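Before any comments, here is the structure.
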């Protein structure tokens with residue numbers, strides 16, 4: 001017992017110290033300014049916790065948005081492409097067919113053949129040329145129906161959602177919000193949590209418009225001023241600083257060091273602000289095997305919009321050295337005319353693919369391109385897949401629906417925090433006083449446990465990186481009321497034992513032992529409810545479940561371990577063995593001593 | 001201090017028939033209220049748009065109401081929030097409708113969802129600016145829930161409560177016995193039904209936070225019930241000579257002090273939440289307050305009454321009244 005006590009004291013102290021230390025970042029965090037005022041040595045330390053208590057959007061103000069992506073539409077587009085390709089290829093290969101029809105409801109394409117031979121030829125061809133498609137209905141008839149393989153259909157859907165998420169993330173980043181979170185939710189939804197977003201209409205407009213993709217000539221190359229300053233102090237030799245002012249409201253302006261020679265070629269001088277026909281854009285480029293952030297000087301006025309792009313696909317060919325992949329794309333008539341002019345006049349130069357203001361790739365123009373073109377490079381299949389996804393996003397017209405939106409102004413959130421603090425304070429005060437009146441010394445001990453509980457809950461929230469929400473505050477208030485329950489159960493038991501005439505020490509021991517399973521049973525069931533809530537709930541409700549669950553666990557710890565340690569320490573001294581303040585008079589008959 | 005003196009023997013068991021009658025009556029009222037007046041579904045479940053607007057200067061609510069009602073936004077509710085000094089109002093609307101959607105209902109569900117959120121809020125803002133002047137108000141909060149999400153949240157909410165009860169049934173069966181589990185779950189259903197009824201009768205709005213409150217009540221009420229059951233289980237061994245009903249009554253009395261104490265401290269803290277909080281939190285606290293009272297009542301009267309009734313059934317079958325008590329499993 002004695003040796004055991006030593007370890008329990010150490011455990012309690014360790015938990016307390018960890019809890020207090022983990023609360024330090026919260027006290028040094030300026031929630032208004034959104035930055036930490038921790039001293040540098042703390043921030044640089046790798047052991048000390050850096051997480052401050054996160055406030056939910058309902059407390060700090062901001063926007064919580066759930067959008068769904070119409071993945072069915074993406075599927076239909078894929079089928080339309082398949083239908084067109086089948087028609088084109090059949091004509092090419094002289095395979096007879098009567099008609100090729102899209103069945104949008106069934107998500108199938110039906111090919112009607114005139115006879116058995118052409119059906120076999122057609123089947124074989126489709127099997128070889130379209131590995132992601134297979135015959136789904138109409139086996140052994142002249143009108144078989146083809147559809148995407150289940151796995152490929154699922155992949156297409158998830159890729160579409162992922163792609164839209166990336167585009168949204170890029171646009172949201174342009175807003176310069178603190179810690180925006182953009183996560184996939186379920187199969188076809190994206191949840192955007194944007195603390196501090198003040199203009200919901202503008203955010204929504206920005207994330208729901210279609211992606212902007214452009215092809216622009218590369219006129220010069222260099223590095224961004226910011227990048228140079230982070231790497232070295234001195235600007236690189238042979239490079240000149242130029243400035244580009246972003247004309248759009250939300251966009252960021254840029255300053256880059258661009259190759260002086262290239263600048264001179266197009267007549268742009270030192271420290272110049274770029275004329276409107278040029279722009280700067282960042283991108284990454286593979287230089288001698290290393291991915292490096294580079295800045296491109298682009299010709300803006302000759303740009304061809306990606307909206308003219310009809311389709312882009314990765315193609316895996318054996319002609320390429322190393323069995324690499326290429327990306328082939330097709331353009332509409334208008335696009336073909338403009339693209340043909342641009343590429344025809346600038347063979348040998350580089351053409352940048354600019355998605356949402358960032359250069360995704362900048363291949364060399366090898367020959368004039370009109371309706372069909374292909375981008376070659378030493379692409380891995382994955383890279384080719386990604387690039388074709390980027391290209392397609394210019395024509396991305398998959399519908400985006402707003403499913404849920406919650407915007408809270410900062411003032412309302414601040415009010416809620418203030419009210420929450422007041423409710424917690426008064427609740428605590430009343431319970432603390434009540435416990436002392438009812439249980440005297442033991443009540444004081446339960447109060448200490450209660451205060452520890454508050455510290456532990458806050459500490460655990462910070463450590464876990466969980467978020468405190470308005471219902472979360474309600475959960476804490478509820479915990480204030482319920483946390484004393486475990487102690488009440490123990491004290492009532494102890495009182496019962498005292499009444500049977502046991503000594504205080506024996507009563508404490510029996511009381512804790514007998515109450516233990518009652519407490520566990522009662523709390524585990526509440527914990528079940530909290531965990532169900534955690535599993536099911538979203539946003540604020542999750543915050544409530546988290547604080548409720550933490551409150552239960554921490555109240556178990558304080559009641560069963562912490563208060564017990566205090567009693568065990570007390571009973572180590574012989575003098576105090578016969579006294580116990582628990583709010584009732586008792587006569588320890590077994591020892592025959594009076595208090 | 002001792003509120004309940006040791007050796008207190010209030011004969012709760014004697015009142016169980018009356019309690020049964022009262023419970024059935026209140027549950028009946030609750031169930032009827034489900035149909036008429038029916039639950040007041042918040043936008044979380046019904047879908048729609050809700051905005052909280054604060055005006056710089058006092059305005060007439062009727063002017064605000066007629067301004068919003070002039071918009072094609074379906075059913076409109078305008079409500080003052082907070083004390084007399086605050087010029088804050090809650091506007092609740094369905095979605096902005098255009099004439100095309102009225103005609104083609106089938107295809108409109110998708111289209112209306114697409115832009116409804118932004119458009120409704122924007123339309124309301126325009127209207128407020130033109131009626132009360134630009135900059136005379138601040139939008140504190142905007143909530144929009146699409147019809148699809150509303151449906152999902154509703155189903156999931158009910159699922160969550162059912163799942164919680166199912167898991168609890170399993171846990172208590174493992175730790176106690178099946179009849180205890182059944183008694184506890186019946187008490188829970190009782191509590192949830194009555195709290196829901198109280199919510200409907202007082203015209204409060206159902207939303208996500210209320211589902212959370214109901215689940216909390218499930219957990220809380222169970223706390224009380226388990227403490228009582230735990231004592232009954234203990235006394236089955238200890239008080240073999242005592243008649244079953246009497247034994248149950250003794251058990252209830254023995255834990256009464258604790259039951260009342262915990263309920264009191266919890267009730268008081270939640271009361272602060274109720275008086276200080278506003279909006280959703282106030283309703284949330286209201287549900288908890290009702291739940292705490294009902295939960296305490298049900299753990300004394302409903303759950304243990306069920307055990308007695310079940311025991312009576314079993315004893316009746318065997319036609320030996322005392323045999324049952326001896327065969328109690330522990």
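The values are calculated or read from the model by the stated rules, or taken from the named source; none is laboratory data. These numbers come from a predicted model, not from an experiment. Every residue, glycine among them, receives a Cβ derived from its backbone with ideal geometry; neighbour counts consider all protein chains shown.
Applying the selection to region A:504-526, what residues are surrounded by fewer than 21 Cβ atoms within 10 Å (Cβ to Cβ) and more than 20 Å from residue A:552 (Cα to Cα)? Answer for region A:504-526, where residues must be surrounded by fewer than 21 Cβ atoms within 10 Å (Cβ to Cβ) and more than 20 Å from residue A:552 (Cα to Cα): A:505, A:506, A:509, A:510.
Pick out the one residue from A:175, A:215, A:133 that is touching a strand residue (DSSP E or B) at 6+ places or on another chain (Cβ under 7 Å) and in contact (Cβ under 8 Å) with a residue 60 or more places away in the chain. Unique residue meeting the criteria: A:215.
Rundown of residues vs (1) at pLDDT below 85; (2) in contact with a strand residue (DSSP E or B) (Cβ under 7 Å, 6 or more places away or on another chain), yes/no style:
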residue: B:40; (1), (2): no, yes
residue: B:64; (1), (2): no, yes
residue: B:81; (1), (2): yes, yes
residue: B:112; (1), (2): yes, no
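The residues of region B:148-163 that are buried (at least 21 other Cβ atoms within 10 Å of the Cβ), free of Cβ contacts under 8 Å to residues at least 60 places away in the same chain and more than 7 Å from chain A (Cβ to nearest Cβ) amount to a single one, B:161.
Taking residue B:199 as the residue in question, decide whether it is away from chain A (no Cβ under 12 Å), in contact with a helix residue (DSSP H, G or I) (Cβ under 8 Å, 6 or more places away or on another chain) and assigned to a helix (DSSP H, G or I). Yes; evaluated as a whole, the condition is true for this residue. Under the condition of being within 11 Å of chain A (Cβ to nearest Cβ) and surrounded by fewer than 18 Cβ atoms within 10 Å (Cβ to Cβ), which residue from region B:164-191 is nearest to residue B:41 (Cα to Cα)? Out of the qualifying residues, it is B:166. Among the residues of region A:195-207, those identified as crowded, with 18+ Cβ neighbours inside 10 Å and within 13 Å of chain B (Cβ to nearest Cβ) are A:197, A:200, A:203, A:204, A:207. If you filter region A:572-585 down to residues that are surrounded by fewer than 17 Cβ atoms within 10 Å (Cβ to Cβ) and more than 14 Å from every other protein chain (Cβ to nearest Cβ), you find that the one that is modelled with the highest pLDDT is A:572.
Results for (1) closer than 30 Å to residue B:158 by Cα; (2) within 10 Å of another protein chain (Cβ to nearest Cβ); (3) more than 43 Å from the chain's Cα centre (by Cα), shown as yes or no for each residue.
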residue	(1), (2), (3)
A:445	no, no, no
A:455	no, no, no
A:477	yes, yes, no
A:504	no, no, yes
A:514	no, yes, yes
A:530	yes, yes, no
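Among the conditions (1) in contact with a helix residue (DSSP H, G or I) (Cβ under 7 Å, 6 or more places away or on another chain); (2) facing another protein chain (nearest Cβ under 7 Å); (3) touching a residue at least 60 places away in the same chain (Cβ under 8 Å), residue A:483 misses just one, which is (2). Tell me yes or no: at least one residue of region B:218-235 is part of a helix (DSSP H, G or I), under 22 Å from the mean Cα position of the chain (by Cα), more than 9 Å from every other protein chain (Cβ to nearest Cβ) and over 22 Å from residue A:478 (Cβ atoms). Scanning region B:218-235 turns up no residue that is part of a helix (DSSP H, G or I), under 22 Å from the mean Cα position of the chain (by Cα), more than 9 Å from every other protein chain (Cβ to nearest Cβ) and over 22 Å from residue A:478 (Cβ atoms). Might you check whether a residue that is part of a helix (DSSP H, G or I) and either farther than 30 Å from residue A:181 by Cβ or modelled with pLDDT under 85 (or both) occurs anywhere in region A:93-103? For region A:93-103, residues part of a helix (DSSP H, G or I) and either farther than 30 Å from residue A:181 by Cβ or modelled with pLDDT under 85 (or both): present. Scanning region B:257-266 for residues that are surrounded by fewer than 20 Cβ atoms within 10 Å (Cβ to Cβ) and either at the interface with chain A (Cβ under 7 Å from one of its Cβ atoms) or touching a residue at least 60 places away in the same chain (Cβ under 8 Å) (or both) yields one hit, B:260. No other residue among A:425, A:434 is within 14 Å of chain B (Cβ to nearest Cβ), part of a helix (DSSP H, G or I), buried (at least 16 other Cβ atoms within 10 Å of the Cβ) and at pLDDT 80 or above apart from A:434.
For residue B:26, are the conditions met, namely being surrounded by 15 or more Cβ atoms within 10 Å (Cβ to Cβ), within 30 Å of residue B:312 (Cβ to Cβ) and not assigned by TED's automatic domain parsing to the domain that holds residue B:91? Yes: the conditions hold for residue B:26.
Among the residues of region A:436-447, the ones that are without any contact (Cβ under 8 Å) to a residue 60 or more places away in the chain and within 26 Å of residue A:544 (Cα to Cα) come to 1 in all. Surrounded by fewer than 13 Cβ atoms within 10 Å (Cβ to Cβ), without any contact (Cβ under 8 Å) to a residue 12 or more places away in the chain, at negative phi and not in a helix (DSSP H, G or I), is that true of residue A:114? Spelling it out, it is not the case that residue A:114 is surrounded by fewer than 13 Cβ atoms within 10 Å (Cβ to Cβ), without any contact (Cβ under 8 Å) to a residue 12 or more places away in the chain, at negative phi and not in a helix (DSSP H, G or I).
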